[in-house]
Amino acid sequence: MSTRDLFTFGNRHFRIGVGIVLGMLIVTAIAGFVVLPFAQPWVQFANVWDAICSAAGVPQRAASVTAPEQTKRLSEVVLTSHTLARPNQEAIGRGATLAQRCAICHGPTGVSRADSPNLAGQYAAVIYKELHDFRSGARSNAVMSPFAVNLTEEEIADISNYYAYLPRLPAYHPTPQLPKPNIVIYGAPMRGIAPCGACHGSLDNKTGSPWLEGQSEAYLKAQLQALASGERRNDISQQMRNIARAMTPQEVEAAAAYYASQPPDVVKAVD
Amino acid sequence: MLVNRKLILAHFWFAFAVFGVALTLGAWQMFIRSPIGTWLSNPELYYRSLTAHGTVMGYVFPTLVAMGFGYAISESALEQRLVGVRWAWTGFWLIVLGSIMAVIPIALGRASVLYTFYPPLIGNLFYYLGVVLVVVGSWIWVALMAINLRVWRKAHPDAPVPLAMFANVAGSYLWAWTAVGAALELLLQIIPVAAGLKNTIDAGLARIFFSWTLHAIVYFWLMPTYIAYYTIVPRAIGGRVYSDSMARISFILFLVVAMPIGMHHTFADPQVGAGFKFIHSAFTALVALPTLLTVFTICASVEIAARLRGGRGLFGWIRALPWDNPMMLALAFSFVMLGFGGAGGLINMSYQLDASIHNTQWITGHFHLIFGGAIVIMYFAIAYDLWPHLTGRELVDVRLIRTQLWLWFIGMIVTTFPWHWVGILGMPRRMAYFDFGDPAIAPQALSVTFSVIGGFILLTSGIMFIVILARGMRAPQVDAGPYRFALAVHQPTTVPVALNTHALWVALMIALTLTNYGYPILNLALGGGTSVPAVYVGAQ
Ligand code: HEM
Ligand SMILES: [Cu+2]
């Protein structure tokens, strides 16, 4: 007998094989798509077709539930790892002109003498996001917000590209380099805290996370406290607030002191 | 008639060499995240190691064993020189090249994405291309197995295909089709993103493609082991296969139901409808059937051997078995581990019970017991059995072989039983660091420490295995005779065409894939709006 005769209903093995498989499929499909959906007393279906669609995972428009009113603005910036990835020289030049007004606080070389963040060599996507958030009100600061409100989209991109282009220079008050504290390299898994270094450098970098090496200790501490208290809320999906809230005051100290003591040129090792 | 011995030896040696490296990494991982390890302060190194370990143990090692064994089966069961030797070497070198290509970015920390790829995490392009080359190399093998069988059939029209070859080709078809899922994921989704052509990816769809591969790949790993159960063990212990038809039915069932059940790996995923999860779960229950058939048939075959040796009584025959024969030992150990692992598997496949162990160390404990234990111990047995025929030299030190098998068995139990236990307690998998100083998990320190000890026993056993084979290359020459497979009690003279060919079962396998995967894949692929930005490893 050849294989051709196999694929006919005259062949017993064909009948049995196909029959059993088809039977199983029908029985399990009826159970999975009809019986079990209706067995859930907490879900109501209009009809059988409705139940089948639900069990099949057909996307459905949620019933007209209005989203809860947000009292404060949240960040609306969308970042990908390609945001501002390829700046051109002109954009950087325009950014340099625009950035003159930032120099009072952030320093003429992008390195701050006050406790404002150092911007020289910061990732463009990071500056881009923060400026947007200041502009929209998702993040607010008495000094920064008025600068940001009048910036156009293009100006924000240019400034971001300019600062990203500047070389990373040592901070003004270098302190001896501290060893990595636990929170930076292990996080605290039992409290759901990933290592700081997994996103902010020292271990790895993730899109939208600034590198922190050489930033002012006072600034870092203030931000962690603001995130923990909810005063600052422009982190997407509460990524940082969830962490900051779970951190102990000692961990906040340790992380801030560690990052402040690192020379920024170590950042290069991981990009 | 083993003619192309160099080809088969090359597959085995490369397989066991990379196995040795990956085993060392595994033991190191176990140690470094345990309470007795001194933490290395860089989880990235752990994930590099884990990616290399998983990639080698999951893709490279078992594939090469199945290929080498497959060539040996084709030549000796069909008594026919391998057709397409040059292609076979091409496949082998593609795998070597692919492995090297994949391992370099892993070692450089550019592809710490783990062997399940984890999109939207995206690593270096060459890692994925390396994996693709490995798969392409193995597809050459699939084609060669089919061609060799066809050539043989031409010369022997209507003769029953020898069981070993029938099963071997079933395994190769299963692999060919199941690898398509991961291939689609790589070619359509991951590689365009890794190459910078796109920067978003549908992680949910990618996971569904991966599940297409992930379950049946397990049965592909298992095939050489089951072939050894049926066609080597009874011969090696002086018995016969209880039923040739039962054996064929088992392999056919694997072909049909191993494939459309992969969504039991996505029970916790929101992008799959509950109805499909239920169907996959129900079909998963069916896949226990061929394993139960096998356990029954093999126990019966072993009993035949015992009674031929003068064993009597309801259970008294067990004592009459040749317990000093490594093949007997390996089989017994394999069955014990298969039993425990199978029991654990029943928990994984149940929609509700799975929730309690999902993504915990239970899962890693489970697949190490089944795969590293029940399956790999039979790979050892296959190598021991084939070695004299491949090298023309005797494996002299049978005691050392027995010790090696005992150590692997003990090591696997000591490693995996506590591993399961901490999983039930909630210890997550794929974490690089655990703070055992925290009172909440301090009590798990003891169990984890036992696993570490087990891991080092396994490492010792693995090294012994490689040493035994290496010494076997220099032992005194013998004439091992032709390589033979076990005969059945009733050696078939004719076999119904359905049990002698694969077409019907391959057709059912593909049909069930379409019914069980078609809608969920189309829904996500055509629906749109479900992609997320890719996250590149080691890039800002
Ligand atoms: C035959 C031997 C083995 C095979 C086939 C094997 C296979 C695998 C595979 C496929 C993975 C998955 C990787 C992943 O989840 O990405 C894995 C993970 C792992 N293996 Fe093995 N392995 C073997 C032996 C060992 C040994 C002897 C040890 C050490 C005692 C070990 C320790 C580990 C560890 C710690 C993980 C990571 C688990 C996690 O954190 O999720 N493996 N292994
Ligand atoms: Cu599975």
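I'm trying to understand the selection: among the residues of region A:156-205, which are under 17 Å from the mean Cα position of the chain (by Cα), among the small types (G, A, S) and on the phi < 0 side of the Ramachandran plot?
A:A194, A:G197, A:A198
Residues that are within 16 Å of ligand 1 (Cβ to nearest atom): list the helices (runs of 4 or more DSSP H) wholly contained in region B:326-401 that include at least 3 such residues.
Working: elements: B:326-349, B:351-357, B:361-367, B:376-391.
Fully inside region B:326-401 and qualifying: B:326-349, B:361-367, B:376-391.
Can you confirm whether region B:89-103 contains a residue that is in contact with a Lys or Arg (Cβ under 9 Å, 6 or more places away or on another chain) and either basic (K, R) or buried (at least 20 other Cβ atoms within 10 Å of the Cβ) (or both)?
no
Can you tell me which condition B:Y118 does not meet? The list is (1) within 16 Å of ligand 1 (Cβ to nearest atom); (2) open to solvent by 30 Å² or more (accessible area, probe 1.4 Å); (3) on the phi < 0 side of the Ramachandran plot, and all the others hold.
Exception for B:Y118: condition (3).
Quick one: B:I73 ticks every box in (1) outside any loop (DSSP other than H, G, I, E, B); (2) within 13 Å of ligand 1 (Cβ to nearest atom); (3) in contact (Cβ under 8 Å) with a residue 60 or more places away in the chain; (4) more than 14 Å from every other protein chain (Cβ to nearest Cβ) except a single one, so which number is it?
(2)
Taking the stated definitions as given, is A:N161 in contact with a Lys or Arg (Cβ under 9 Å, 6 or more places away or on another chain), in contact (Cβ under 8 Å) with a residue 40 or more places away in the chain, surrounded by 17 or more Cβ atoms within 10 Å (Cβ to Cβ) and in a helix (DSSP H, G or I)?
On the way: in contact with a Lys or Arg (Cβ under 9 Å, 6 or more places away or on another chain): yes; in contact (Cβ under 8 Å) with a residue 40 or more places away in the chain: yes; surrounded by 17 or more Cβ atoms within 10 Å (Cβ to Cβ): yes; in a helix (DSSP H, G or I): yes.
In short, yes.
Checking A:M190 against (1) away from chain B (no Cβ under 13 Å); (2) of a type outside the set (S, T, Y); (3) closer than 25 Å to B:R48 by Cα: exactly one of these is not met. Which one?
A:M190 satisfies every listed condition except (1).
Give the residue, chosen from B:Q361, B:Q352, that is over 30 Å from B:I8 (Cα atoms) and free of Cβ contacts under 8 Å to residues at least 40 places away in the same chain.
Values: B:Q361 fails: free of Cβ contacts under 8 Å to residues at least 40 places away in the same chain.
Only one candidate qualifies: B:Q352.
Using the structure shown, decide if B:G313 is surrounded by fewer than 20 Cβ atoms within 10 Å (Cβ to Cβ) and assigned to a loop (DSSP other than H, G, I, E, B).
Values: surrounded by fewer than 20 Cβ atoms within 10 Å (Cβ to Cβ): yes; assigned to a loop (DSSP other than H, G, I, E, B): yes.
Here the answer is yes, as B:G313 does meet what is asked.
Please go through region B:243-285 and pick out each residue that is in contact with a strand residue (DSSP E or B) (Cβ under 9 Å, 6 or more places away or on another chain) and outside any loop (DSSP other than H, G, I, E, B). I'd like the intermediate steps shown before the answer.
Filtering region B:243-285 down to residues in contact with a strand residue (DSSP E or B) (Cβ under 9 Å, 6 or more places away or on another chain) leaves B:243-245, B:247.
B:D244, B:S245, B:A247, listed by residue number.
With B:T403, B:T415, B:T391 as the choices, which residue is away from chain A (no Cβ under 14 Å), open to solvent by 50 Å² or more (accessible area, probe 1.4 Å) and polar (S, T, N, Q)?
The match here is B:T403.
Among the residues of region B:203-224, write down those that are touching a helix residue (DSSP H, G or I) at 6+ places or on another chain (Cβ under 7 Å), open to solvent by 10 Å² or more (accessible area, probe 1.4 Å) and away from ligand 1 (no atom under 16 Å from the Cβ).
B:G204, B:L205, B:F209, B:W212
Conditions tested, residue by residue: (1) without any contact (Cβ under 8 Å) to a residue 60 or more places away in the chain; (2) surrounded by fewer than 18 Cβ atoms within 10 Å (Cβ to Cβ); (3) not in a loop (DSSP other than H, G, I, E, B).
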| site | (1), (2), (3) |
| --- | --- |
| B:L459 | no, no, yes |
| B:A475 | no, yes, no |
| B:F485 | no, no, no |
| B:T494 | no, yes, no |
| B:L499 | no, no, yes |
| B:M509 | no, no, yes |
| B:T515 | no, yes, yes |
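B:D397 - would you say it is open to solvent by 30 Å² or more (accessible area, probe 1.4 Å), over 27 Å from the mean Cα position of the chain (by Cα) and closer than 24 Å to B:Y229 by Cα?
Yes.
What's the number of the condition B:F31 fails, among (1) more than 12 Å from ligand 1 (Cβ to nearest atom); (2) open to solvent by 20 Å² or more (accessible area, probe 1.4 Å)?
(1)
In region B:47-57, is there at least one residue being touching a Leu at 6+ places or on another chain (Cβ under 9 Å), among the small types (G, A, S) and within 16 Å of ligand 2 (Cβ to nearest atom)?
Kept after step one, since they are touching a Leu at 6+ places or on another chain (Cβ under 9 Å), are these residues of region B:47-57: B:47-57.
Next, from what is left, pick out any that are among the small types (G, A, S): B:49, B:52, B:54.
If we keep only those that are within 16 Å of ligand 2 (Cβ to nearest atom) as well, we get B:54.
Checked against the condition, which is being touching a Leu at 6+ places or on another chain (Cβ under 9 Å), among the small types (G, A, S) and within 16 Å of ligand 2 (Cβ to nearest atom), region B:47-57 yields at least one hit.
Residues A:T83, A:T152, A:T97: which one is open to solvent by 20 Å² or more (accessible area, probe 1.4 Å) and modelled with pLDDT under 90?
Working: A:T152 fails: modelled with pLDDT under 90; A:T97 fails: modelled with pLDDT under 90.
Sole residue among the options that is open to solvent by 20 Å² or more (accessible area, probe 1.4 Å) and modelled with pLDDT under 90: A:T83.
Just checking, does region B:327-334 include any residue being touching a residue at least 12 places away in the same chain (Cβ under 8 Å), small (G, A, S) and buried (at least 22 other Cβ atoms within 10 Å of the Cβ)? Walk me through it before giving the result.
To start, the set of residues in region B:327-334 that are touching a residue at least 12 places away in the same chain (Cβ under 8 Å) comprises B:327-331, B:333-334.
Pick out the ones that are also small (G, A, S) and you get B:330, B:334.
Next, only the ones that are buried (at least 22 other Cβ atoms within 10 Å of the Cβ) stay: B:330, B:334.
Looking for residues that are touching a residue at least 12 places away in the same chain (Cβ under 8 Å), small (G, A, S) and buried (at least 22 other Cβ atoms within 10 Å of the Cβ), one finds at least one in region B:327-334, hence yes.
Grab the helices (runs of 4 or more DSSP H) fully contained in region A:26-144, keeping just those with 1 or more residues being of a type in the set (F, W, Y) and either over 26 Å from the mean Cα position of the chain (by Cα) or within 14 Å of chain B (Cβ to nearest Cβ) (or both). Reasoning before the result, please.
Values: elements: A:48-56, A:89-98, A:103-106, A:124-136.
Result: A:48-56, A:124-136.
Scan (1) over 21 Å from B:A15 (Cα atoms); (2) within 16 Å of ligand 1 (Cβ to nearest atom); (3) not in a loop (DSSP other than H, G, I, E, B) for the single condition B:F434 breaks and write down its number.
Just one mismatch for B:F434, condition (3).
The values are calculated or read from the model by the stated rules, or taken from the named source; none is laboratory data. No experiment lies behind these values; they were computed from the predicted model shown. Cβ coordinates were reconstructed from backbone atoms using ideal geometry, including for glycine residues, and neighbour counts include every protein chain displayed. Surface areas here come from the heavy atoms of the whole protein model, side chains and all, with no ligands, DNA or RNA. Shrake-Rupley method; radii C 1.70, N 1.55, O 1.52, S 1.80 Å.
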